[in-house]
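Here is the structure we will look at.
The values are calculated or read from the model by the stated rules, or taken from the named source; none is laboratory data. Remember, predicted model here, so these are calculated numbers, not experimental data. Positions of Cβ are backbone-derived with ideal geometry, glycine not excepted, and every protein chain shown enters the neighbour counts. Just so you know, the surface numbers come from the protein's heavy atoms only, side chains and all, with ligands and any DNA or RNA stripped out. Shrake-Rupley method; radii C 1.70, N 1.55, O 1.52, S 1.80 Å.
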Amino acid sequence: KQRVLSGIQPTGELHLGNYLGAIRNWVDIQQDYDSYLFMADLHAITVPHDPSTLGENARKVAALYLASGISLEHATIFLQSHVSAHSELAWLFTCITPLNWLEDMIQFKEKSVKQGENVGAGLLIYPALMAADILLYEPDKVPVGEDQKQHLELTRDIAARLNYQFSTEEKPILKLPDPMIRKEGARVMSLTDGTRKMSKSDPSELSRINMLDSPDEIRRKIKRCKTDSVRGLWFDDVDRPECNNLLTLYMVLSNQRKETVAAECADMGWGQFKPLLTEATIAALEPIQEKYRNITAEPGYLDSVLQQGSEKAAALAHQTLAKVKQAMGFTLPF
Ligand code: TYM
């Protein structure tokens, strides 16, 4: 079987972007792959964080993976900080990555503007850690949302550079993985501004629907979301970003084809459409929320999942780390 690997930062609540851009796709393909899925808690501290919630947030994300339908029969779920090879390989990568590659990352530019004077060096090194997360497991594919594409390209560049600088035989040291970005849901936009992506760091709660939002919260957010005053609804109009986003959400959450939704909604006004979207959202999230409550009610269960996952992941990761260290010249015995 081919292998996939992906992860999510445990910062704040997961939202529809995380679900539709990432988790749902992992669930849909899991039967065909050996999956490695983790919580990127080392990435979560690249911006100021609260130590008292870091662990609990990671547990919550693991519970949402399982509640969304990830099965332990196909997937290994683990915590990034439990596998020390991530930090170690990240340092080796940091030393072979040109500074300007890191400075060119869109996410670095955006986040460093927001942090102002307090930009930690971790925010810059972030993609080297991400490259380590990925390359340690030699995956074939990395299923993510559109916003991670540039980081995946950098990951391939780092792997190629390491191979070029340090491979002595014909056989490359590291395997270059392919991004896997599904078109529908790859870029879920904010409910308050259809030109910006839905994001955990948006100060407005109204801008996103969280996976654990109650039906009442979902109703309230959709009622207040930004629309326009045009009559009739259609896809792919650059002058109507909110319309395209909300129709896409409805299509994906209700599992319908684009043509079907386009035909159904062509003559609708917002007053008619919003209740449809609301019900589709609630119907998609309710079963996940119920499973989530069951999973989190069982004491010790998640910790045992993570312990087993981390042990299995560490065994694989350490093989790759050993290979890279060997190639880079860390060859002395004790
Ligand atoms: P993160 O935690 O920001 O997001 C997790 C996943 O959700 C996707 N996503 C979205 N998809 C569609 N629309 C949106 N509005 C939206 N917002 C987020 C992301 O594309 C991602 O797939 N750096 C990563 C975490 C990471 C990682 C890795 C991922 C660390 N190491 C190795 C893959 C492989 C991040 O911050 O994702």
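Would you confirm whether any residue within segment 188-195 is within 16 Å of the ligand (Cβ to nearest atom), touching a residue at least 60 places away in the same chain (Cβ under 8 Å) and either closer than 24 Å to Ala283 by Cα or not basic (Lys, Arg) (or both)? Don't jump to the end; show me each part of the working.
Pass one, segment 188-195, residues within 16 Å of the ligand (Cβ to nearest atom): 188-195.
Add one more test, that the residue is touching a residue at least 60 places away in the same chain (Cβ under 8 Å), and what stays is 188.
Adding the requirement that they be either closer than 24 Å to Ala283 by Cα or not basic (Lys, Arg) (or both) leaves 188.
Scanning segment 188-195, I find at least one residue that is within 16 Å of the ligand (Cβ to nearest atom), touching a residue at least 60 places away in the same chain (Cβ under 8 Å) and either closer than 24 Å to Ala283 by Cα or not basic (Lys, Arg) (or both), so the answer is yes.
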field: Test set (1) surrounded by fewer than 23 Cβ atoms within 10 Å (Cβ to Cβ); (2) part of a loop (DSSP other than H, G, I, E, B); (3) within 12 Å of the ligand (Cβ to nearest atom) - Pro10 fails condition number
entry: (1)
- prompt: Has segment 199-213 got any residue that is more than 15 Å from the ligand (Cβ to nearest atom), open to solvent by 70 Å² or more (accessible area, probe 1.4 Å) and more than 24 Å from the chain's Cα centre (by Cα)?
  reply: no
Residue in segment 134-142 that is closer than 26 Å to Lys197 by Cβ, open to solvent by 10 Å² or more (accessible area, probe 1.4 Å) and in contact with a helix residue (DSSP H, G or I) (Cβ under 6 Å, 6 or more places away or on another chain) present: no
- line: Checking Leu277, Leu332 in turn, the sole residue that is buried (at least 16 other Cβ atoms within 10 Å of the Cβ) and either closer than 30 Å to Leu135 by Cα or in contact with a Ser or Thr (Cβ under 9 Å, 6 or more places away or on another chain) (or both) turns out to be Leu277
message: Criterion first (assigned to a strand (DSSP E or B), more than 13 Å from the ligand (Cβ to nearest atom) and buried (at least 19 other Cβ atoms within 10 Å of the Cβ)) does Ile70 satisfy it?
response: no
message: Quick check on segment 39-53: of everything there that is in a helix (DSSP H, G or I) and within 14 Å of the ligand (Cβ to nearest atom), which residue is farthest from the chain's Cα centre (by Cα)?
response: Leu42
- prompt: Which of the residues that make up segment 40-67 are free of Cβ contacts under 8 Å to residues at least 40 places away in the same chain and surrounded by fewer than 18 Cβ atoms within 10 Å (Cβ to Cβ)?
  reply: His49, Asp50, Pro51, Ser52, Thr53, Gly55, Glu56
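State the number of residues belonging to segment 110-123 that are open to solvent by 70 Å² or more (accessible area, probe 1.4 Å) and either in contact with a helix residue (DSSP H, G or I) (Cβ under 8 Å, 6 or more places away or on another chain) or among the hydrophobic types (A, V, I, L, M, F, W, C) (or both).
The total comes to 2.
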statement: Reported set for segment 128-154 where residues are under 16 Å from Ala40 (Cβ atoms) and either near the ligand (Cβ under 8 Å from one of its atoms) or not assigned by TED's automatic domain parsing to the domain that holds Phe38 (or both) is Leu129, Met130, Asp133, Ile134, Val142, Pro143, Val144, Gly145, Asp147, Gln148, His151, Leu152
message: Six or more apart or on different chains, Cβ atoms under 8 Å: show the pairs whose first residue is in segment 227-256 and more than 13 Å from Leu16 (Cβ to Cβ) and whose second is part of a loop (DSSP other than H, G, I, E, B) and polar (S, T, N, Q).
response: Pro241/Thr195; Glu242/Thr227; Cys243/Thr227
field: Output for segment 83-106, where each listed residue is surrounded by 15 or more Cβ atoms within 10 Å (Cβ to Cβ) and either outside the structural domain of Leu37 (by TED's automatic domain parsing) or within 14 Å of the ligand (Cβ to nearest atom) (or both)
entry: Val83, Ala85, His86, Leu89, Ala90, Phe93, Leu102, Met105
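Counting just the residues of segment 309-332 that are free of Cβ contacts under 8 Å to residues at least 12 places away in the same chain and assigned to a helix (DSSP H, G or I), which one comes out nearest to Asp41 (Cα to Cα)?
Glu311
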